[in-house]
1. According to a simple spin-label model (label point 7 Å from Cα along Cα-to-Cβ), what is the distance in nm between His314 and Asp37?
2. Antiparallel DSSP bridges in the chain: what percent, to the nearest 5?
3. Please compute the contact order of the chain in relative form: average sequence separation of alpha-carbon pairs under 8 Å and at least six residues apart, divided by the residue count, as a percent.
4. Label Asp283 and Ile5 with points 7 Å out from Cα along Cα→Cβ: what is the distance between them in nm?
5. Want the number for Arg326 to Asn303: 0.36 nm per residue separation, take away the alpha-carbon distance, what's left?
6. Assigning unit charges at the beta carbon (Lys, Arg +1; Asp, Glu -1) and nothing else, what dipole magnitude in debye, to the nearest 20, does the chain show about its Cα centre?
7. With a point put 7 Å past each Cα toward its Cβ, work out how far Arg213 is from Asp65 in nm, to one decimal.
8. Given a 1.4 Å probe and every protein chain left where it sits, what share in percent of the accessible area of the chain is carbon and sulfur?
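The values are calculated or read from the model by the stated rules, or taken from the named source; none is laboratory data. This one's a predicted model, so the numbers in the text were calculated from it and none came from an experiment. Every residue, glycine among them, receives a Cβ derived from its backbone with ideal geometry; neighbour counts consider all protein chains shown. Protein only, heavy atoms only, side chains kept; ligands, DNA and RNA dropped before computing areas. Shrake-Rupley method; radii C 1.70, N 1.55, O 1.52, S 1.80 Å.
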Amino acid sequence: MKLEIIEQHVDPLIRRGSPGTEGNQFGFEGGRILKIDGAYHLFTSEMVGEPMWVKMKIAHWISTDGKAFTRRSTLFESSGNYDGSDERAALWSPMPVFNKEEGLWNLFYVAYRCAPDTPVTQFRNHDGKIWRAVSEVPGVDGFGGPYRDVGIVLRPGPDSQPWEGLQGTDSFFPFEVGGNWYAFYGSAKVERLPIEFLGVGLAEAPKLAGPWRRRESGNPVLIHPYFTENPIVTKLGESLYMAVFDCGPGDCEKVKGEGTFGYSTSSDGLMWSDFTLIHLEKDKAPWQKTMRTPLGLIPEGDNTFSLYYTAMDHSGFGAIGYIKLRGSRLSFSTRTTNK
């Protein structure tokens, strides 16, 4: 399937000064948006204070029309500790998935240790671990929380693979294919700057609750040759899956400042096609300085999709943008290549 932009919202939907952003110093980055019973539910990381990218909140926002959003609640808040001693100093990338076996929503998110960077090593977000929390309200209606932590499902350790680094596990998105559970997880060698490769691999589990383990073969999954971050997978047909992901600032520079994100397709969840880039036109969204992270595809009927994303504006605030896409079915080839 090939995607093309058919609508690009000229202004951010949530920006600095929007109701609900009070006390949010640096804006939003990452997370997932879902459409449930006709309403749009945004689960996102809020960069609320100093140090930037360390003092964080995980929040839930809602919109009935997909354009005007209201902040509903804070689900978790990080400590903001900056001496490396707290494994929950920074919290990122909330990914809600409904667990039919439990009858509960599962919220997966990343927790980091944080300390000041050095000229050669990034310590600001390192030793990332993936936490699983469950909704305290049973059933599909429990998506808004509150959530209770039940444990860590993936962490750096003896089973970490050679391509992984000091960053630990920096993202996690689970998806089901034919009764099997897989998850994209990410990492990077931030112990040696500049970062040469920020990639993803696949983990697997017998059920959503785990236990999760890294796949022994096929990792990293080279969708993009050097930058694949925060993939979010949507099932588009009986045997078609699409992942949208952040492809890094390097590609944005190559297209003279236009924002980009990437997508890849798969028929089995294991072998993924080479990336395709979507270019956001700069003159249609002049507020946007740097594209950051797509928040997932939302099917809207008639082969169209809503896509929300985070991007930095010219003041350094991470805002929420919106585009509408149309998909056209094409044949595709898939591969998984080891680095």
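1. 4.2
2. Percentage antiparallel, nearest 5: 95.
3. 17
4. 1.3
5. In short, 7.7 nm is gained.
6. 160
7. Here the modelled spin labels are 5.2 nm apart.
8. Ligands and nucleic acids excluded, carbon and sulfur reach 50 percent.
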